[in-house]
2 protein chains.
Amino acid sequence: MFRDHTCGELRLANAGHTVTLAGWVQRSRKLGGMTFIDLRDRYGITQLVVEADADAALVEAATSLGREYVIQVVGEVDERQSKNPKMPTGDIEIKVASINILNKSVTPPFTIEDESDGGEDIRAKFRYLDLRRNPLQQALALRHRLAHEVRNYLDAQDFMEIETPYLIKSTPEGARDFVVPSRMNPGQFYALPQSPQTFKQLLMVAGYDRYFQIVRCFRDEDLRADRQPEFTQIDCEMSFVEQEDVLNMFEGMMRTLFKNVLNVDIPDPLPRMSWYDAMDGYGSDKPDVRFGMTIHEITDKVKGNGFAVLDDAAYVGAIAVPGGAGYTRKQIDEITEWVKRPQVGAKGLIYIKLNDDGSVKSSIDKFYTPEQLKAIAEAAEAKTGDIIFIMSGPQKRKVQTMLGVLRLEMGGRLGLRDPKVFAPLWIVDFPLLEWSDEDGRFYAMHHPFTAPKPEHMDWFYSDRKEDLEKVCANAYDFVLNGNELGGGSIRIHEADVQKRMFEVLGIGAEEAEYKFGFIIHAFQFGAPPHGGLAFGFDRVCTLFAGKESIRDFIAFPKNNQGRDVMIDSPSQIDQVQLDELNLDIRQNA
Amino acid sequence: MFRDHTCGELRLANAGHTVTLAGWVQRSRKLGGMTFIDLRDRYGITQLVVEADADAALVEAATSLGREYVIQVVGEVDERQSKNPKMPTGDIEIKVASINILNKSVTPPFTIEDESDGGEDIRAKFRYLDLRRNPLQQALALRHRLAHEVRNYLDAQDFMEIETPYLIKSTPEGARDFVVPSRMNPGQFYALPQSPQTFKQLLMVAGYDRYFQIVRCFRDEDLRADRQPEFTQIDCEMSFVEQEDVLNMFEGMMRTLFKNVLNVDIPDPLPRMSWYDAMDGYGSDKPDVRFGMTIHEITDKVKGNGFAVLDDAAYVGAIAVPGGAGYTRKQIDEITEWVKRPQVGAKGLIYIKLNDDGSVKSSIDKFYTPEQLKAIAEAAEAKTGDIIFIMSGPQKRKVQTMLGVLRLEMGGRLGLRDPKVFAPLWIVDFPLLEWSDEDGRFYAMHHPFTAPKPEHMDWFYSDRKEDLEKVCANAYDFVLNGNELGGGSIRIHEADVQKRMFEVLGIGAEEAEYKFGFIIHAFQFGAPPHGGLAFGFDRVCTLFAGKESIRDFIAFPKNNQGRDVMIDSPSQIDQVQLDELNLDIRQNA
């Protein structure tokens, strides 16, 4: 070992001991002839001192050190004159007796500090230097800790971690599959898994009872800020369970993570909300319940006063923003412009203020009496001093979604979305099917193996679209602070239910065989009742840290173009490789 | 839950309790009007009894059950008349009150027993049924347990598990890379990692100090029986360490695995053997030291008697097989034919028997006196009753390798290779460089980032081939029972040593930049001294179980053609996908 202690370890109790440390030079400064050096490693920072009257060679060595030099020092632990209570090692310093430069460093292109002076691009290119910064080291340490706690919890619950293959089969549905040409089977391709879904269901058929895996998944889709072409899931499945069992097991897991990693107690049991209540009250299937400001339908309250916009609307909804009566005209205009941006897509925004003096002010004063306006505002649970914002339109869910986006924005502006406050809940009772007007058919809201609720079987076997739309799935999402962290379902395990599902989805026997053949075959050999879920691990880490950027929680992430700019990948490959793979790149693309 | 107990759980203490179980029908038999059913799940088997005088519907339900039906039963735990001491649940049975068929099963294509009647191909196609068999369930349970113990040990030692990317860059050396075409970057490819080697070294540069990962790796090579295109490594790296630190850390890990998983004590410290001693004594860099029968050089003892084969040989070696003096002429002929097969490649085999009556018998009686033969045999440490086998040739290492193969074969025949006996050791002091006569240049025996031993630096900077051949690396392999389970090295962290290494390997500055550019750049910014290793996890699992087939320890393995016959992959993909990827498959390949 090049050291006998780490840079985060020494305390006053070690005073007088001779120690050997190794690490990086964080900074170095001269003060009255003495040289002070902050020596850094993963575990912390320790202050080194080279006295003014030290050996000339030693003083020169200390003076020669540049930022990020790697050094080994021997010296005596000494009590500091001016202690630094902010640092765990702040009570001591090392009186250096010798310095051994293990490696020099050219000057880094940005500062290795909590707040770096480097831009995003340069830090991505030199990711290995960015990763030296404390916030990123903490992010990856948290990730390690969470993964370890997940494994301990699930192991204790008799789950087996079973590795499923990465080289699998491209499915006809797999438009977003990454594919891998096979050299040994020319013209044929493997695909990288978008999830181990079929394999985990096969493991249930195979009797493994409780499976999990922290596993990489791949999706070749156009990237948004929070998406990565490769991402990590905590993937789980259980046999002989009902929805209640799955929810209990995994809220237990999340409760353990919150307690053991953050020392945060979350409610027991966790709140549950139906998908319908989430959409109606929050305009989102992943509601942020850290604050109220819920959506209220006021369709019936606003009709019949000759205001066509509202009279013609199929749905009118409102949220009440606390203290919003004080907003200026300019502020309200700005909010109105904000909701009219294409990202939100509202046509406009109606408001009613309940002023502190008891008066009412609204953008629709012309059509409604003050009493009517007050009644409308109170229907949205506004109190004196609040403003309500009203939106309307021909489609209820669309209006609710826009109100939900506005709600989040206003909550944020009011400081109601503290990332260190955690409000997890389950969303349950999802619709099984989604009707597509465009295609004139139903699609599975989750996937075609999700089981309908037993109590909705009559509707499931009905021929009426209205009945089928009412069928709920035994599906569930784990939602935290407005983010879906995970989700899953009880799966169909009976052949006749599965057959009906394909029928409802308009998938013929032949198509079903082609698309889902081997899993349907497997299910003939005694599939147990089973269900499970998967958590997006990158996002779990990010939210546990109270942060927003998933990339900070991935050691080597890709950018928005799917590129790793550090290693400059993807890149061209040798012609020899293309020849071996029997492939040609089209030249005139 | 569909059950309140598992099928492995109930004991005599539960007698009288009413329980609900769920599982698969392992077998069912009628006996004097009663129906006995073995109900199976991952946890065990429980015997169910339906009495002859039970409700007629219940008797009929019990009679209707086929193999692998999934059922749920309610009944009372009852003490068995004839107990089965071989089963943990053998003291009890369940008097069934009701049976609920959860799912039927068509008849499986082979028996789901410890020894199945199914051939390898059919079991591969129906892997999800093969995985129901007890030996495979135990194999995957062992794998889970080992992975969990690895993580606990390394976590306790401050290692962080950090996920490195799977979509990386194809290297010019990467002839065996699987590549992944990028849709967003037409004509460009990612590669799947053959190992996270560069990333783990970058993590050391980034200051992560102690890294590990249980990680999938990919290699597109022609497959042998024990190779898979995707395989799993326990990949580790440490900073500020010397070889001694790495060896101590990881023999500690293996000691913990042996103790916690198998309750086996391995020596502390583990034996170490130099690569030279392994080659000289065992003809292998992964010696099986469960038995002796080591190779002895007898070159000097056999010269000058006019026997040209030995007189002309650069090297003559021998092994002494205990009790082999009793071999018949026919047996010796068979062994001689065995070593002459192309897999071994010997030209012939000379023997000397030290008969129990004190006489000597040899295939080279003509050239040597009995006293000479006896002296030769004793030089190979033969005792009365033994036979020695002699091989010779122009190249020492080749002869030793052939003798090593013969040694393993004879050890096997003598029952000296018990898979439940564990003899781990470290092989150290590998040569840094391998000379290729063909190419007239040196190659790195491990990889070009492996550090030469500090005490061999003079030879490393020498221009003489003989000096360079003597340079040893700080490299090490963990060997168990004739298998390499893992290996690694201390890496070069100093720019001038790295530069010299490229020079020795005949890699010019430009080529080095092209092939290893970004890692060389990274090393300019203060790379710490570091080193590590990787274990082949599939093989670790296999050997811990005392088995040979790696495939039994992988849930969904591929066959020798790299195919997953269960999902029929690789396969053709849609033209749409090829279009999106801007690729054409050559038609006249």
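Among the residues of the range B:531-579 satisfying the criterion of being on the phi > 0 side of the Ramachandran plot and in contact with a Pro (Cβ under 7 Å, 6 or more places away or on another chain), which is nearest to the other protein chains (Cβ to nearest Cβ)? Going through the qualifying residues, I end up with B:G562. Could you tell me whether the range A:507-528 includes any residue that is surrounded by fewer than 17 Cβ atoms within 10 Å (Cβ to Cβ) and touching a Leu at 6+ places or on another chain (Cβ under 9 Å)? Checked against the condition, which is being surrounded by fewer than 17 Cβ atoms within 10 Å (Cβ to Cβ) and touching a Leu at 6+ places or on another chain (Cβ under 9 Å), the range A:507-528 yields no hits at all. Here B:Q561 clears all of (1) touching a strand residue (DSSP E or B) at 6+ places or on another chain (Cβ under 8 Å); (2) part of a loop (DSSP other than H, G, I, E, B); (3) closer than 26 Å to A:D579 by Cβ except the condition numbered (1). For the range A:94-133, taking the residues that are of a type in the set (D, E) and out of contact with any Phe, Trp or Tyr (no Cβ under 6 Å at 6 or more places or on another chain), the one that is farthest from A:I550 (Cα to Cα) is identified as A:E113. Is there a residue in the range A:85-95 that is within 12 Å of chain B (Cβ to nearest Cβ) and of a type in the set (S, T, Y)? The answer is no, given that none of the residues of the range A:85-95 is within 12 Å of chain B (Cβ to nearest Cβ) and of a type in the set (S, T, Y). Among the residues of the range B:268-279, those that are assigned to a helix (DSSP H, G or I) and either among the basic types (K, R) or buried (at least 19 other Cβ atoms within 10 Å of the Cβ) (or both) comprise B:W275, B:A278, B:M279. Count of the range A:199-215 residues, restricted to those that are in contact with a helix residue (DSSP H, G or I) (Cβ under 7 Å, 6 or more places away or on another chain) and more than 7 Å from every other protein chain (Cβ to nearest Cβ), is 4. Scanning the range A:384-394 for residues that are within 23 Å of the chain's Cα centre (by Cα) and buried (at least 20 other Cβ atoms within 10 Å of the Cβ) turns up nothing.
For every residue, the table says whether it meets (1) within 7 Å of chain B (Cβ to nearest Cβ); (2) more than 20 Å from B:L202 (Cα to Cα); (3) buried (at least 24 other Cβ atoms within 10 Å of the Cβ); (4) small (G, A, S).
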residue: A:G119; (1), (2), (3), (4): no, yes, no, yes
residue: A:R123; (1), (2), (3), (4): no, no, no, no
residue: A:F126; (1), (2), (3), (4): no, no, no, no
residue: A:R151; (1), (2), (3), (4): yes, yes, no, no
residue: A:Q157; (1), (2), (3), (4): no, yes, no, no
residue: A:Q188; (1), (2), (3), (4): yes, yes, no, no
residue: A:Q197; (1), (2), (3), (4): no, yes, no, no
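Within the span defined as the range B:478-488, every residue fails to be exposed (fewer than 15 other Cβ atoms within 10 Å of the Cβ) and either acidic (D, E) or touching a helix residue (DSSP H, G or I) at 6+ places or on another chain (Cβ under 8 Å) (or both). Selection of the range A:306-327 for residues being part of a loop (DSSP other than H, G, I, E, B) and more than 36 Å from the chain's Cα centre (by Cα) yields A:G306, A:F307, A:D312. Taking the range B:101-194 and the helices (runs of 4 or more DSSP H) fully enclosed by it, the elements with 1 or more residues that are of a type in the set (V, I, T) and either at pLDDT below 95 or on the phi < 0 side of the Ramachandran plot (or both) are at B:120-125, B:134-156. Being facing chain A (nearest Cβ under 8 Å), touching a residue at least 60 places away in the same chain (Cβ under 8 Å) and surrounded by 15 or more Cβ atoms within 10 Å (Cβ to Cβ) is a description that applies to B:R132. Scanning the range A:47-72 for residues that are in a strand (DSSP E or B) and either away from chain B (no Cβ under 14 Å) or small (G, A, S) (or both) gives A:Q47, A:L48, A:V49, A:V50. Annotation: of all residues in the range B:10-24 being in contact (Cβ under 8 Å) with a residue 60 or more places away in the chain and within 14 Å of chain A (Cβ to nearest Cβ), the one that is farthest from the chain's Cα centre (by Cα) is B:V19. What residue, among those in the range A:564-585 that are assigned to a loop (DSSP other than H, G, I, E, B) and of a type in the set (S, T, N, Q), is farthest from B:Q572 (Cα to Cα)? Only one residue tops the list, namely A:Q572.
Can you say whether B:D365 is touching a residue at least 40 places away in the same chain (Cβ under 8 Å) and of a type in the set (D, E), as far as the supplied structure shows? Answer is no for this residue.
With respect to being out of contact with any Phe, Trp or Tyr (no Cβ under 9 Å at 6 or more places or on another chain), within 13 Å of another protein chain (Cβ to nearest Cβ) and more than 30 Å from B:Y43 (Cα to Cα), A:G75 falls outside the description. Could you please find all residues in the range B:368-383 being under 22 Å from B:A308 (Cβ atoms) and touching a Leu at 6+ places or on another chain (Cβ under 8 Å)? Passing the criteria: only B:A377. Of all residue pairs spaced 6 or more apart or on separate chains, those with beta-carbon atoms under 8 Å, a first member in the range B:57-69 that is more than 15 Å from B:A22 (Cα to Cα) and a second member that is exposed (fewer than 14 other Cβ atoms within 10 Å of the Cβ) and among the charged types (D, E, K, R) are B:T63/B:K30. Answer yes if at least one residue in the range A:580-587 is buried (at least 23 other Cβ atoms within 10 Å of the Cβ), at the interface with chain B (Cβ under 8 Å from one of its Cβ atoms) and within 30 Å of A:L257 (Cβ to Cβ), and no otherwise. Looking through the range A:580-587, none of the residues is buried (at least 23 other Cβ atoms within 10 Å of the Cβ), at the interface with chain B (Cβ under 8 Å from one of its Cβ atoms) and within 30 Å of A:L257 (Cβ to Cβ). Within the range A:235-248, is there a residue that is among the aliphatic types (A, V, I, L, M) and either facing chain B (nearest Cβ under 9 Å) or part of a strand (DSSP E or B) (or both)? The answer is yes; a qualifying residue exists.
Condition first: surrounded by fewer than 17 Cβ atoms within 10 Å (Cβ to Cβ), under 19 Å from A:P528 (Cα atoms), in contact with a Lys or Arg (Cβ under 7 Å, 6 or more places away or on another chain) and among the polar types (S, T, N, Q). Can you find one or more residues in the range B:102-117 that meet it? Yes, some residue in the range B:102-117 is surrounded by fewer than 17 Cβ atoms within 10 Å (Cβ to Cβ), under 19 Å from A:P528 (Cα atoms), in contact with a Lys or Arg (Cβ under 7 Å, 6 or more places away or on another chain) and among the polar types (S, T, N, Q). Exactly one residue among B:L48, B:L31 is surrounded by 21 or more Cβ atoms within 10 Å (Cβ to Cβ) and over 39 Å from the mean Cα position of the chain (by Cα), and that residue is B:L48.
Scanning the range B:280-314 for residues that are surrounded by fewer than 19 Cβ atoms within 10 Å (Cβ to Cβ) and among the aromatic types (F, W, Y) gives a single hit, B:F307.
Quick grid of which residues meet (1) at pLDDT 95 or above; (2) more than 21 Å from the chain's Cα centre (by Cα); (3) surrounded by fewer than 22 Cβ atoms within 10 Å (Cβ to Cβ):
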position	(1), (2), (3)
A:Q201	yes, yes, no
A:D209	yes, yes, no
A:D235	yes, no, no
A:E244	yes, yes, yes
A:N248	yes, yes, yes
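Looking only at the range A:531-551, decide whether some residue is in contact with a Phe, Trp or Tyr (Cβ under 6 Å, 6 or more places away or on another chain), buried (at least 16 other Cβ atoms within 10 Å of the Cβ) and part of a loop (DSSP other than H, G, I, E, B). No, every residue in the range A:531-551 fails to be in contact with a Phe, Trp or Tyr (Cβ under 6 Å, 6 or more places away or on another chain), buried (at least 16 other Cβ atoms within 10 Å of the Cβ) and part of a loop (DSSP other than H, G, I, E, B).
The values are calculated or read from the model by the stated rules, or taken from the named source; none is laboratory data. Being a predicted model, the structure only gives us computed values, none of them experimental. No Cβ is skipped: glycine too gets one built from the backbone with ideal geometry, and neighbour counts run over all protein chains shown.
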